[in-house]
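A short write-up of the structure that comes next.
The values are calculated or read from the model by the stated rules, or taken from the named source; none is laboratory data. Since we're looking at a predicted model, the values are computed, not measured. When we count neighbours, we look across all protein chains shown, and the Cβ atoms used for this are built from the backbone with ideal geometry, even at glycine. Heavy atoms of the whole protein, side chains included, go into the accessibility calculation; ligands, DNA and RNA do not. Shrake-Rupley method; radii C 1.70, N 1.55, O 1.52, S 1.80 Å.
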2 protein chains.
Amino acid sequence: MSLSFQIHTTSGKGRRGTMILPHAAVETPVFMPVGTVASVKAVPQHLLEELGARIILGNTYHLYLRPGHELIRRMGGLHRFMSWHRAILTDSGGFQVFSLNELRKVTEDGVQFRSHLDGGAHFFSPEHSMDVQIALGSDIAMAFDECTEYPADYARARKSLDLTLRWAERSKRHFDAHKQERPWDESFPGQTPNLFGIVQGGMYKDLRREAAERLVEMDFPGYAIGGLSVGEPRELTREIIAETLPYLPKDKPRYVMGVGYPDEIVEYAEMGVDMMDCVLPTRAARHGLIFTSEGRLNIKNRRFAEDQGPLDPECGCMVCQRYSRAYLRHLMASQEPLAAVLNTLHNLAFYLDTMQKLRDRLEAGQPVASGSPLPPL
Amino acid sequence: MSLSFQIHTTSGKGRRGTMILPHAAVETPVFMPVGTVASVKAVPQHLLEELGARIILGNTYHLYLRPGHELIRRMGGLHRFMSWHRAILTDSGGFQVFSLNELRKVTEDGVQFRSHLDGGAHFFSPEHSMDVQIALGSDIAMAFDECTEYPADYARARKSLDLTLRWAERSKRHFDAHKQERPWDESFPGQTPNLFGIVQGGMYKDLRREAAERLVEMDFPGYAIGGLSVGEPRELTREIIAETLPYLPKDKPRYVMGVGYPDEIVEYAEMGVDMMDCVLPTRAARHGLIFTSEGRLNIKNRRFAEDQGPLDPECGCMVCQRYSRAYLRHLMASQEPLAAVLNTLHNLAFYLDTMQKLRDRLEAGQPVASGSPLPPL
């Protein structure tokens, strides 16, 4: 038993649960910070722990290219390599590979692509993606899928989904045969990583339903909804999530990949989503875009030059307790490396705190939509 | 009384003391990390506190240009602006202005220069440098001096020194008349900043002696030896320090500006220097140059790719306790912002720990030179 998922309370469609993974118990709904190349950019691991993060995401494509999954395996796996001892989810590499556009070629067997680092030729198949993720030693690995582009007509979405479903079967078969090869040491007896399936199907509800049903037949310990946040209008994202969720098992974790803004992650969690990840809080922070209880602000703005208040008067994070907007604006204006550190710490604190409040409300069985302290952005 | 300096023990020529400044008691000999534009690059203030730093340096030239000293005054001074509540020393701006080379013009009155940021025209006089430093609210301000270039012939060094001495008088007169205008709040009743004089004189011992004697007549609360580490051979640096120190009062703090490597700072402290500062540990860290008890290493080197050991097996810092050389090399290779944070934390820990061990040995009256755990670099 490598994943146990228990739902404590439900409120509307929202679920308050706990997911027990080999490296951590994760309270859900959860937002997972992205640590692309074995680092949540600019944040030391002990501060990430202080923020309360229990699970982070690593990117298979990036880690495969540099420093290489076999090196990470030799170093004892990703947890030990980066000294992050809580849970890690890795994506399949598919999304990143498909983002390469001109540099890739898809066949039944897999994807041929060129590295964004040096142009070198590489090949990812479902089997190879599983090997890489097992070598990394993630708690949750993702099936290798084709992320259908947006827009895509029905025939294209159909064809892409069929490939994804064949790859899901290959992913699962290979993963189950090799998951014992994870690099964890003897402190995890009998524990193995978990493989989640990914629902694709473009923006077509019948394809999404079919994808969900076919994956459920394959019996994964958790399911993701992929292929969203790829350029479609937000109403469509919500609609596809709402249409897909009923076809996923109620007793297993449900993960929407690559979302979103603070009000989005609250909304999706209210709809019954248990897990989400996004580069937004960390990437935006490095550009000076700050999320607060009063909405978004760009800390580079001149109007903050003499603002002695904190980024967010409602926030209890270490940045808001200590530094002024004036100082943080100065750090951005002076291109000081500390700007990225402090802005990221705040944005992650805001996201994680948003989820904590949401979990508290779900636990109390309170209707979430009304009385939410989160204003629209 | 804004500065009290007490020497507890001496060992050879080395002195173990405590300097009480308005914002902190500083144990000497001390190494001061450099926080050029209101940030010790890449290090959050609470981690700088955890490292044990009691005093840091701010650069007057940079802060004057951005965000501007009057803005910092309105924000309550540099301590409050950057939320660093221990001591701050500011340089006079002279060294930076003289580094501008083509962009400056020196007259009896002061220095005309162009900003390295936007080419805008500015003028620094001794009086203006004092105004800026008082507005910043530093615990220790430095007299405005001309940093004599190296090499400089005797006539040039003589002329430059005469200017520096006239500027020292003007600095002191203006500083004493205005030091009450520091931006500190009512928690520092009766406390004012301190102005240190700076000994120049190029590489000429008689000029150095004359400079020291003339400054001592002016009666500063502390004295710096400037114009070193400007390209001269290291033996000459040591010689000038050794020749100058005897002409500075034994009961006042003695500061050598802009040094140095770990073995240098130990050596100078053994010679009777109480204070030093240098960008070396922080700047080198950002380029992957790491100081350890076993010497220097470049963490970017391929030979560390699978090295599971810490940067320094003798070091107890938070970086050495948690991360491997393999991981830190990966962060540098991937140009991750965390590399600068962790490398800087280690290098500063190494410098501050080096000084702590030195203070312990001085306190114990142990001969420092023998049995030193610091191998030559």
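Key figures
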quantity	calculated
Out of A:THR107, A:THR9, sole residue that is β-branched (Val, Ile, Thr), more than 10 Å from chain B (Cβ to nearest Cβ) and in contact (Cβ under 8 Å) with a residue 24 or more places away in the chain	A:THR9
Which listed residue is under 30 Å from B:THR18 (Cβ atoms), in a loop (DSSP other than H, G, I, E, B) and among the aromatic types (Phe, Trp, Tyr), from B:PHE95, B:PHE144	B:PHE144
Close pairs from the range A:343-358: first within 13 Å of A:ARG283 (Cα to Cα), partner modelled with pLDDT under 95 and among the hydrophobic types (A, V, I, L, M, F, W, C), Cβ under 6 Å, at least 6 apart	none
Test: A:GLY12 is at pLDDT below 95 and on the phi > 0 side of the Ramachandran plot	yes
Verdict on A:GLU306 being more than 25 Å from A:ILE241 (Cα to Cα), surrounded by fewer than 17 Cβ atoms within 10 Å (Cβ to Cβ), within 14 Å of chain B (Cβ to nearest Cβ) and acidic (Asp, Glu)	yes
Test result for A:GLY137, on the phi < 0 side of the Ramachandran plot and either over 17 Å from the mean Cα position of the chain (by Cα) or surrounded by 15 or more Cβ atoms within 10 Å (Cβ to Cβ) (or both)	no
Enumeration of residues in the range A:240-286 that are under 12 Å from the mean Cα position of the chain (by Cα) and within 20 Å of A:TYR150 (Cβ to Cβ)	A:TYR255, A:VAL256, A:MET257, A:GLY258, A:VAL259, A:GLY260, A:MET276, A:ASP277, A:CYS278, A:VAL279, A:LEU280
Spans of helices (runs of 4 or more DSSP H) in the range A:1-87 with at least 1 residues among the aliphatic types (A, V, I, L, M), open to solvent by less than 10 Å² (accessible area, probe 1.4 Å) and closer than 30 Å to A:LEU248 by Cβ	A:45-50, A:60-65, A:78-82
Residues (within 30 Å of the chain's Cα centre (by Cα) and in a loop (DSSP other than H, G, I, E, B)) located in the range A:332-341	A:GLN335, A:GLU336
Positions within the range B:147-164 being surrounded by fewer than 24 Cβ atoms within 10 Å (Cβ to Cβ) and part of a helix (DSSP H, G or I), in sequence order	B:TYR154, B:ALA155, B:ARG156, B:ALA157, B:ARG158, B:LYS159, B:SER160, B:ASP162, B:LEU163
Tally of residues being under 30 Å from B:ASP91 (Cα atoms) and in a helix (DSSP H, G or I) across the range B:274-313	7
Residue identified as open to solvent by less than 40 Å² (accessible area, probe 1.4 Å) and without any contact (Cβ under 8 Å) to a residue 12 or more places away in the chain among A:LEU311, A:LEU338	A:LEU338
Test for A:THR292: is it in contact (Cβ under 8 Å) with a residue 12 or more places away in the chain, in the same structural domain as A:CYS315 (by TED's automatic domain parsing) and either open to solvent by less than 20 Å² (accessible area, probe 1.4 Å) or in contact with a Cys (Cβ under 7 Å, 6 or more places away or on another chain) (or both)	yes
Selection count, the range B:267-296, where residues are touching a Phe, Trp or Tyr at 6+ places or on another chain (Cβ under 9 Å) and either more than 22 Å from B:GLN356 (Cα to Cα) or within 14 Å of another protein chain (Cβ to nearest Cβ) (or both)	1
Among the residues listed as A:PHE113, A:PHE123, the single one being more than 13 Å from chain B (Cβ to nearest Cβ), assigned to a strand (DSSP E or B) and either surrounded by 20 or more Cβ atoms within 10 Å (Cβ to Cβ) or among the hydroxyl-bearing types (Ser, Thr, Tyr) (or both)	A:PHE113
Search result, residues across the range A:237-281 that are open to solvent by less than 20 Å² (accessible area, probe 1.4 Å), among the aliphatic types (A, V, I, L, M) and touching a residue at least 40 places away in the same chain (Cβ under 8 Å)	A:LEU245, A:LEU248, A:ILE265, A:VAL266, A:ALA269, A:VAL273, A:MET275, A:MET276
Failed criterion for A:ALA177 (all others in (1) free of Cβ contacts under 8 Å to residues at least 40 places away in the same chain; (2) touching a strand residue (DSSP E or B) at 6+ places or on another chain (Cβ under 9 Å) hold)	(2)
Qualifying residue in the range B:42-57 (condition: of a type in the set (Val, Ile, Thr) and more than 28 Å from B:HIS128 (Cβ to Cβ))	yes
Selection from the range A:35-66 of residues that are within 11 Å of chain B (Cβ to nearest Cβ), among the aliphatic types (A, V, I, L, M) and free of Cβ contacts under 8 Å to residues at least 60 places away in the same chain	A:VAL37, A:ALA38, A:LEU65
Those residues of the range A:210-236 which are free of Cβ contacts under 8 Å to residues at least 24 places away in the same chain and either open to solvent by less than 10 Å² (accessible area, probe 1.4 Å) or in a loop (DSSP other than H, G, I, E, B) (or both), in sequence order	A:ASP219, A:PRO233
Test for B:LEU352: is it open to solvent by less than 30 Å² (accessible area, probe 1.4 Å) and either touching an Asp or Glu at 6+ places or on another chain (Cβ under 9 Å) or under 18 Å from A:PHE81 (Cα atoms) (or both)	no
Considering residues of the range B:314-331 that are assigned to a loop (DSSP other than H, G, I, E, B) and farther than 15 Å from A:SER39 by Cα only, the residue nearest to the other protein chains (Cβ to nearest Cβ)	B:CYS317
Identity of the residue in the range A:180-189, of a type outside the set (Ser, Thr, Tyr) and without any contact (Cβ under 8 Å) to a residue 24 or more places away in the chain, that ends up nearest to A:THR244 (Cα to Cα)	A:GLN180
Enumeration of residues in the range B:88-100 that are within 14 Å of B:ASP139 (Cβ to Cβ) and open to solvent by 10 Å² or more (accessible area, probe 1.4 Å)	B:ASP91
